[in-house]
Amino acid sequence: MGRSESRAIRGAARTKAPRPDPLEVRASPVHGDGVFAVLRIAEGELIGSYEGRRYTPREAAGHILHGEVFYTFGLSDGSLIEGAEGGNQTRHLNHSCAPNCEAVETRADDGQIEIEFRATRTIRKGEELFIDYWLARDADDHGAYLCRCGAEQCRGTMLAPPPKRRGRRGPKA
């Protein structure tokens, strides 16, 4: 082996191959399709970003949901991302009251709000990924949002828990 060949091989050994996609969409025992880990995912690792058509707060106010499955993600500024239109595999993250992932709002360089998903604990290969939907409490039909996650601490609903009431303290007797 010549000197230049040796350097080329050593250089190639240092080049890291891109990590394969750690996610796969397939049938979920919880609901419809789900997202599963193809590889081990470390706690805190970025899983992906939520993508899809964006609706401004004004457009979002008039956005009507059709069908039985929704891929709409509400943002803190009142805008929406509709994952059914131009979305990616993260739109298939199912709900659990004991999630292993979290959705985090971040700001892009242009100031636009983005949603990133991160692992809240180590996720084993083959395990389904979940977030807690914490759906808005203004939903009309609470029965339509029943939870089927099966977690020990299941709330029975995908709705956000009611805010804790602060009791008024009366005078001490």
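The values are calculated or read from the model by the stated rules, or taken from the named source; none is laboratory data. This one's a predicted model, so the numbers in the text were calculated from it and none came from an experiment. A quick note on method: Cβ atoms are made from the backbone with ideal geometry, for glycine too, and the neighbour counts reach across all protein chains shown.
A Cβ distance below 9 Å, combined with a sequence gap of six or more or placement on separate chains, defines the contacts here; from the stretch 72-95, residues that are free of Cβ contacts under 8 Å to residues at least 60 places away in the same chain and on the phi > 0 side of the Ramachandran plot reach residues that are surrounded by fewer than 17 Cβ atoms within 10 Å (Cβ to Cβ) and outside any loop (DSSP other than H, G, I, E, B) in the pairs 78/57; 78/58; 78/61; 86/53.
Tell me which residues, restricted to the stretch 129-147, are modelled with pLDDT of 90 or more and assigned to a loop (DSSP other than H, G, I, E, B).
Residues satisfying the conditions are 132, 133, 147.
Is it true that residue 65 is within 14 Å of the chain's Cα centre (by Cα) and either at pLDDT below 75 or surrounded by 14 or more Cβ atoms within 10 Å (Cβ to Cβ) (or both)? Outline the logic, then answer.
Numbers: within 14 Å of the chain's Cα centre (by Cα): no; either at pLDDT below 75 or surrounded by 14 or more Cβ atoms within 10 Å (Cβ to Cβ) (or both): yes.
Answer is no for this residue.
Among the residues of the stretch 116-128, is any at pLDDT 95 or above, closer than 17 Å to residue 30 by Cα and charged (D, E, K, R)? Looking for residues that are at pLDDT 95 or above, closer than 17 Å to residue 30 by Cα and charged (D, E, K, R), one finds at least one in the stretch 116-128, hence yes.
Every test in (1) modelled with pLDDT of 90 or more; (2) assigned to a loop (DSSP other than H, G, I, E, B) is passed by residue 90 save one, and that test is (2).
Considering the stretch 70-87, and only residues there that are in a strand (DSSP E or B) and not hydroxyl-bearing (Ser, Thr, Tyr), the residue that is surrounded by the most Cβ atoms within 10 Å (Cβ to Cβ) turns out to be 81.
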